[in-house]
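J.: I have a structure here, written as structure tokens, and I will follow up with some questions on it.
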Amino acid sequence: MTIAISALFGLLIGSFLTVVVDRVPRGASVVQPGSACGNCGLRLGPLDLVPVLSWVALRGRCRQCHTSIGIEPLVLELSTSLLFGLTAWHFGASWATPAFCVLFAGLLALSWIDLRTKRLPREITYCTAALGLPLLVVAALVERTPERIWMMVLGAGIAVGIMSLIYVASRGGMGDGDVRLSPLLGAYLGWLNPGLVPVGLFFGFACGAVVGVGLVLAKRGDLKTAVPFGPFLALGTVLAIFHGQRYIDIILVR
């Protein structure tokens with residue numbers, strides 16, 4: 001039941017994220033005005049905003065002018081629902097579930113914007129931290145594991161330390177938005193285990209390297225081609241949350 005409820009809630013949040021990724025880069029409010037067709041200006045009603053179902057029923061087009069609204073809403077809604085469901089499956093009915101759902105929603109929005117604009121808006125990073133980190137503290141206290149609070153702080157410090165060194169060494173090759181995002185990722189990974197912080201960063205860099213090499217081999221870029229790194233940091237963090245501990249266990253056993 002927890003998984004189903006989380007997945008359903010993920011659809012609703014994913015629908016909201018379509019507004020976030022469209023308006024935040026433009027500096028517009030995510031609250032007002034209400035959603036409308038970008039072509040004819042039709043104000044969208046409740047029946048136009050039902051996650052997934054409205055998109056399918058309207059075949060991805062505006063109800064009035066029939067202009068394509070793209071696949072973006074469907075992808076964001078389904079991705080958010082999937083991540084929320086996986087979070088509930090992994091953490092169960094605990095305070096950690098909403099805390100990590102906040103993180104994943106923020107990472108989806110940041111990744112989408114970074115892929116389109118090569119920017120990681122600080123507003124989203126700070127908002128995710130303001131909502132998610134207090135929930136992590138509550139989860140630690142409710143679960144009677146207060147040590148997770150200092151683990152969280154340690155993880156944030158490890159992440160920003162590593163990323164700051166890489167930022168300086170890259171001489172402009174890495175954006176400051178990536179460094180700004182790192183303590184948030186480190187706090188979440190540290191809450192689980194500070195040892196997951198380098199694992200998550202490693203996963204992120206490895207994924208980025210694979211894609212970078214793939215672009216070169218496909219002749220769609222060269223070694224100097226700028227590739228948004230935010231999505232890879234996000235992917236590495238997600239992988240570390242769900243699977244990172246097993247790699248740490250393997251290393252320790254050896």
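The values are calculated or read from the model by the stated rules, or taken from the named source; none is laboratory data. These numbers were taken from a predicted model, which means no experiment stands behind them. Please note: Cβ atoms are built from the backbone with ideal geometry, for glycine as well, and neighbour counts cover all protein chains shown.
J.: List the helices (runs of 4 or more DSSP H) that sit entirely inside segment 59-151 and contain at least 1 residues that are touching a Leu at 6+ places or on another chain (Cβ under 9 Å) and over 22 Å from Leu12 (Cβ atoms). Show your work before the answer.
T.: Values: elements: 72-91, 96-117, 122-142.
Once the helices (runs of 4 or more DSSP H) in segment 59-151 are filtered for at least 1 residues that are touching a Leu at 6+ places or on another chain (Cβ under 9 Å) and over 22 Å from Leu12 (Cβ atoms), what remains is 96-117, 122-142.
J.: Here's another thing I want to ask about it. Take Ile113 and tell me if it is closer than 17 Å to Val24 by Cβ and assigned by TED's automatic domain parsing to the domain that holds Thr237.
T.: yes
J.: Does Val197 count as out of contact with any Lys or Arg (no Cβ under 8 Å at 6 or more places or on another chain), part of a helix (DSSP H, G or I) and closer than 21 Å to Arg119 by Cα? Before the answer, list the steps.
T.: Working: out of contact with any Lys or Arg (no Cβ under 8 Å at 6 or more places or on another chain): yes; part of a helix (DSSP H, G or I): yes; closer than 21 Å to Arg119 by Cα: no.
No.
J.: On the given criteria, is Arg43 farther than 24 Å from Leu235 by Cβ, among the charged types (D, E, K, R) and either modelled with pLDDT of 75 or more or crowded, with 22+ Cβ neighbours inside 10 Å (or both)? Reasoning before the result, please.
T.: Values: farther than 24 Å from Leu235 by Cβ: yes; among the charged types (D, E, K, R): yes; either modelled with pLDDT of 75 or more or crowded, with 22+ Cβ neighbours inside 10 Å (or both): no.
For Arg43, the condition - farther than 24 Å from Leu235 by Cβ, among the charged types (D, E, K, R) and either modelled with pLDDT of 75 or more or crowded, with 22+ Cβ neighbours inside 10 Å (or both) - is not met.
J.: Here is a further query. Just to be sure, is Ala156 assigned by TED's automatic domain parsing to the domain that holds Leu108 and at pLDDT below 95? Quick ask: steps written out before the conclusion?
T.: On the way: assigned by TED's automatic domain parsing to the domain that holds Leu108: yes; at pLDDT below 95: no.
Spelling it out, it is not the case that Ala156 is assigned by TED's automatic domain parsing to the domain that holds Leu108 and at pLDDT below 95.
J.: Please determine, by comparing only the residues of segment 141-168 that are in contact with a Gly (Cβ under 6 Å, 6 or more places away or on another chain) and within 15 Å of Ala129 (Cβ to Cβ), which one is surrounded by the most Cβ atoms within 10 Å (Cβ to Cβ).
T.: Taking segment 141-168 as the starting set, the residues that turn out to be in contact with a Gly (Cβ under 6 Å, 6 or more places away or on another chain) are 151-152, 154-156, 158-159.
Pick out the ones that are also within 15 Å of Ala129 (Cβ to Cβ) and you get 152, 155-156, 159.
On the way: Met152: 22, Gly155: 26, Ala156: 24, Ala159: 28.
For segment 141-168, the residue satisfying everything is Ala159.
J.: Out of Ser111, Ser81, Ser94, which single residue is more than 30 Å from Gly175 (Cα to Cα), among the hydroxyl-bearing types (Ser, Thr, Tyr) and at pLDDT 75 or above? I'd like the intermediate steps shown before the answer.
T.: Details: Ser111 fails: more than 30 Å from Gly175 (Cα to Cα); Ser81 fails: more than 30 Å from Gly175 (Cα to Cα).
Every option except Ser94 fails the conditions.
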